[in-house]
Amino acid sequence: MKLASLKTGRDGALVVVSRDLARCVPVPHVAVTMQHALDRWSEAAPRLAHVYELINDGPVEGEQVFYPEECASPLPRAYQWADGSAYVTHVELVRKARGAEMPPSFWTDPLMYQGGSDSFIGPTDPILAADEAWGIDFEGEVAVVTDDVPMGSAPEAAEKHIKLLMLVNDVSLRNLIPAELAKNFGFFQSKPASAFSPVAVTPDELNGAWKDGKVHLPLMVTYNNKPFGHPNAGVDMTFSFPQLIAHAAKTRALVAGSIVGSGTVSNKSGNVGSACLAEKRTLETIESGKPVTPFMKFGDRIRIEMFDADGKSIFGAIDQRVEKYEQ
C-alpha cells in the first residue's frame, strides 16, 4: 500500500493513496498520523490495506485528489534518522579524489551518522540556504521505516521490521563538511533538513524489485530539467537495509518510526551518472585534476523519482528548488 501525510499541524494527517498516485483518502478512524499507525502497526496495517484495496477498486467516500505539493514528508518528524553509506564505491571515489586511502574496514563495517530528525521538509518544499558558498548539494537515496527493533537484532531478524520505504534528498552543505569533520565529532551544520518522497510504500508494492533487502530499480535524478543520473539502487549496495538496521541496533533499540537511509545511491559503472553533485565533481577531479560542475545555486531545481517496470512512479517525486533563506 501507499501512504502519505498531508500538511497540517506538526505531524501531518495520514492518508491512504491510490496506486496511481491520483487520489487519496484520510483515515482518522484507523490512525490520525503516520507515527500513530507505526506505533500500532500490527493492528493498523490490515485496516489501512483494506482502505487501499477499496480506493484502487473505485471511488470511496471522502476521497480527494492527491497533490504532492500538499504533502509533508511521510514522517514530518521522526524519533530516529540514521543515514548509512551503503554504496562503498561512492566513499572510495570521494576519498580517491582527495588522495586518501580507504580503510579496509569500510567494506565490512557500515558507515552511519545520526541526522537531525526533529523537522523534515516536504517533497516539493524549497531547499533553504543563506549562502551559496556553503556548497549546496542534493543526495538521492532510498530509506526504510521500521517498527520497534530490539537491541542486538541480527540482519536476518531486522528485515521483518521494515514496514515502509521512501526516497530521500539528503541535502548536504559540502563546503561546511571539512571543518566539521576536522573536529572529529561528526556532521551537524553541514546536514540541514532532509526531504522525503510524497509517498511511503510497503515493500510488497515493489514486487520483484524488492529482494535481498535492496531495491533493484534505477533512481532517476533530474537536475535543472536535464537527466543527471540513473544509478540502480540494488547494484553495488555493499550493505543491505537489514545489515544497516542491525548496525544501528547493535547497542540500542530502535523505536517504531525510525528511518534508516542508504546513503547516496552510486554504481561503479560510469555510464549511469550520479545521484549527487559531489560524486560528479569527484569523477571530474580524477579525470582532469579539478572539478568543473558547480554546486547548486539559488533557483536550481532537483527532481528525484523511481519508476516501476511499467514506467509508473512508485513514490511520487521529490521536486525542489534552492531558495535563499531570509531570516
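Descriptive notes on the structure:
- Sole residue being open to solvent by 20 Å² or more (accessible area, probe 1.4 Å) and polar (S, T, N, Q), chosen from Ser274, Ser262, Ser288: Ser288
- Identity of the residue in the range 49-68, among the aliphatic types (A, V, I, L, M) and either closer than 22 Å to Lys191 by Cα or in contact with a Lys or Arg (Cβ under 7 Å, 6 or more places away or on another chain) (or both), that ends up surrounded by the fewest Cβ atoms within 10 Å (Cβ to Cβ): Val65
- Counted residues, the range 177-206 - those being surrounded by fewer than 17 Cβ atoms within 10 Å (Cβ to Cβ) and either of a type outside the set (S, T, N, Q) or within 22 Å of Ala86 (Cβ to Cβ) (or both): 10
- Any hit, the range 129-141, residues being open to solvent by less than 10 Å² (accessible area, probe 1.4 Å), closer than 19 Å to Ala179 by Cα, part of a loop (DSSP other than H, G, I, E, B) and touching a residue at least 60 places away in the same chain (Cβ under 8 Å): yes
- Scanning the range 79-104 for residues that are assigned to a loop (DSSP other than H, G, I, E, B) and under 17 Å from Gln243 (Cα atoms) yields Ser85, Ala86, Tyr87.
- Within the range 69-106, being in contact with a strand residue (DSSP E or B) (Cβ under 9 Å, 6 or more places away or on another chain) and surrounded by fewer than 18 Cβ atoms within 10 Å (Cβ to Cβ) holds for Glu69, Tyr79.
- Among residues of the range 291-316, those that are of a type in the set (Gly, Ala, Ser) and either buried (at least 21 other Cβ atoms within 10 Å of the Cβ) or not in a loop (DSSP other than H, G, I, E, B) (or both), counted: 2
- Test: residue in the range 227-249 that is part of a strand (DSSP E or B), open to solvent by 40 Å² or more (accessible area, probe 1.4 Å) and closer than 26 Å to Met34 by Cβ: no
- Residues of the range 26-78 satisfying the condition of being of a type in the set (Asp, Glu) and not in a helix (DSSP H, G or I): Glu61, Glu63
- Check on Leu176, at pLDDT 95 or above, of a type in the set (A, V, I, L, M) and more than 18 Å from Gly116 (Cβ to Cβ): no
- Residue within the range 16-30 that is at pLDDT 95 or above, β-branched (Val, Ile, Thr), open to solvent by 20 Å² or more (accessible area, probe 1.4 Å) and over 23 Å from the mean Cα position of the chain (by Cα) present: no
The values are calculated or read from the model by the stated rules, or taken from the named source; none is laboratory data. In this text, all values refer to a predicted model and were calculated from it rather than measured experimentally. Cβ: placed from backbone, ideal geometry, glycine included. Neighbour counts: every protein chain shown. These accessible areas exclude ligands, DNA and RNA; they are computed on the full protein's heavy atoms, side chains included. Shrake-Rupley method; radii C 1.70, N 1.55, O 1.52, S 1.80 Å.
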